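Trainee: Submitted below is the structure of interest, expressed as structure tokens.
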Amino acid sequence: MGKRKVLFFDIDETLLSHKTFAIPESTKNALRKAKENGHLIFINTGRTKSLIGDDIKELGFDGYVCGCGTYIEVNNKVLYNNIVNKENYNAILKGLKKYKLNCVLEGEEAIYVDENAEDDFLLSNLRKQNYPVEPYDLENMKFNKMFIRYDDNKYIDSFCEDIKDIFDYIDHGKGTRELVPIGHSKGSGIDFLVKYFNVDIEDTFAFGDSNNDIPMLEHVKNSIVMGNGNPELFEKATFVTKHIDEDGIEHAMKHFNIIE
């Protein structure tokens, strides 16, 4: 199979289908075969570690890049963990209250929400899946990034402007933004691990589908976009594979001779 490759995978709509709410069996088999062939496989996700479910953990990944590069773990050892400075907590929470924004603060151990905010689909879904959801807690919470569902709230740009020295944001459309500490991205996570493992960039692969995958796709030699992904990403891809529910991961791995 040649030199060892390093493969990075987004979760939602790349590994985990939002149609079936399951990981395709062909994807599970492809990941297993890639490991058997001596390649390294990593999750690279916008989710923080607290939002990594058992269905993902059971797949035997060599490590995780979580929270858009804010947390990096290899073989159960934490190599990097950027936690938002507590000195900024008050300003962030005051800004959210001032602009009446519903925000999830995402951390390694839990996600934190405003107990007084109106429950929405996102929060209901997180609770339904038994993720660790806790109320805002200035003293005890630790978080890496934020996710805001703002719908038609016209003050979202004002909030982002207020914290622009601390956070960049990714606009996912449909009234949602992901806010990530400056200097961090899925791409920065890849750079960290490429250096850590002393990998030839020619042997790096990334699999994604959405806007927050752009830095990941740009920081590897071989960028694979799912057929169900954002069409705007297709031009950034080395290869556009099939839909997630049409064995897209397996198809791409065979195309690149990672598996047979």
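No lab work stands behind these numbers, since they all come straight from the coordinates. This structure is a prediction, so every number in the text was calculated from the model and none was measured. Backbone-built Cβ (ideal geometry, glycine too); neighbour counts: all protein chains shown.
Trainee: Please report 251, 18, 184 as a ranked list, fewest other C-beta atoms within 10 angstrom at the top and most at the bottom.
Mentor: Least crowded to most crowded, the residues run 18, 251, 184.
Trainee: As a footprinting exposure proxy, order 191, 213 by other Cβ within 10 Å, with the fewest listed first.
Mentor: By the 10 Å Cβ count, ascending, the order reads 191, 213.
Trainee: Scan the stretch 3-89 for GluC sites (Glu not before Pro) in coil per DSSP, keeping those whose Cβ has at most 12 other Cβ atoms within 10 Å, and list them by number.
Mentor: 58
Trainee: In terms of Cα to Cα distance under 16 Å, which aspartates and glutamates are near enough to residue 5, apart from those fewer than 8 places away along the same chain?
Mentor: Partners within reach: 36, 62, 191, 200, 202, 203, 250, 260.
Trainee: With θ set to phi - 60° and the Karplus curve 6.51 cos²θ - 1.76 cosθ + 1.60, what are the ³J(HN,Hα) couplings of the stretch 248-257 in order, to the nearest whole Hz, using x for Gly and Pro?
Mentor: Values, residue by residue: x, 5, 4, 4, 5, 5, 5, 4, 8, 6 Hz.
Trainee: Hey, how many Å between the Cα centroid of the stretch 1-43 and the Cα centroid of the stretch 180-211?
Mentor: The stretch 1-43 and the stretch 180-211 have Cα centres spaced 16 Å from each other.
Trainee: Just flag the trypsin sites (Lys or Arg not before Pro) in the stretch 158-260 sitting in loop per DSSP whose Cβ has no more than 13 other Cβ atoms within 10 Å.
Mentor: Of the trypsin sites (Lys or Arg not before Pro), the ones in loops of the stretch 158-260 whose Cβ has at most 13 other Cβ atoms within 10 Å are 164, 174, 221.
Trainee: Fewest to most neighbouring Cβ within 10 Å: what's the order for 112, 71, 150?
Mentor: In order of increasing Cβ crowding within 10 Å: 150, 112, 71.
Trainee: Let me ask something additional. Between the helical axis of 25-36 and the dominant principal axis of the chain, each derived from Cα atoms, what acute angle in degrees is found, rounded to the nearest 10?
Mentor: 70
Trainee: Taking the stretch 188-234, which chymotrypsin sites (Phe, Trp or Tyr not before Pro) meet the DSSP loop condition and have no more than 10 other C-beta atoms within 10 Å?
Mentor: Listed in order of number, the matching sites amount to none.
Trainee: Calculate one ³J(HN,Hα) per residue across the stretch 211-216 by plugging θ = phi - 60° into the Karplus curve 6.51 cos²θ - 1.76 cosθ + 1.60, and present them in order as whole Hz with x for glycine and proline.
Mentor: Taking θ as phi minus 60°, the curve returns 4, 6, 8, 4, x, 5 Hz for the stretch 211-216.
Trainee: Given H placed on each backbone N at 1.01 Å, which residues far from residue 22 in sequence or on other chains put an amide H within less than 5 Å of it?
Mentor: 17
Trainee: For residue 78 and residue 142 in the same chain, what is the full-extension length gain: residue separation times 0.36 nm, less their Cα-Cα distance, in nm?
Mentor: Contour length minus Cα-Cα distance gives 21.5 nm.
Trainee: Once the other residues with Cβ under 14 Å from the Cβ of residue 188 are scored (Lys, Arg +1; Asp, Glu -1), what is the net sum?
Mentor: -1
Trainee: Something else now. Please say if the chain is rounded, prolate or oblate, where rounded means a/c under 1.5 for a ≥ b ≥ c the square roots of the C-alpha gyration tensor eigenvalues, and otherwise the choice is prolate for a/b larger than b/c and oblate otherwise?
Mentor: prolate
Trainee: Continuing with this model, one more query. So what are the ³J(HN,Hα) numbers for the stretch 230-241, from phi and the Karplus equation (6.51, -1.76, 1.60; θ = phi - 60°), rounded to whole Hz, Gly and Pro as x?
Mentor: 5, x, 5, 8, 4, 6, 8, 8, 6, 8, 9, 8
Trainee: Next question. Near the amide H of residue 68, under 5 Å away, which other amide H atoms are found, from residues 5 or more places off or on another chain, if H is placed in the peptide plane?
Mentor: Close amide H contacts, sequence-distant or interchain: 45, 46, 47.
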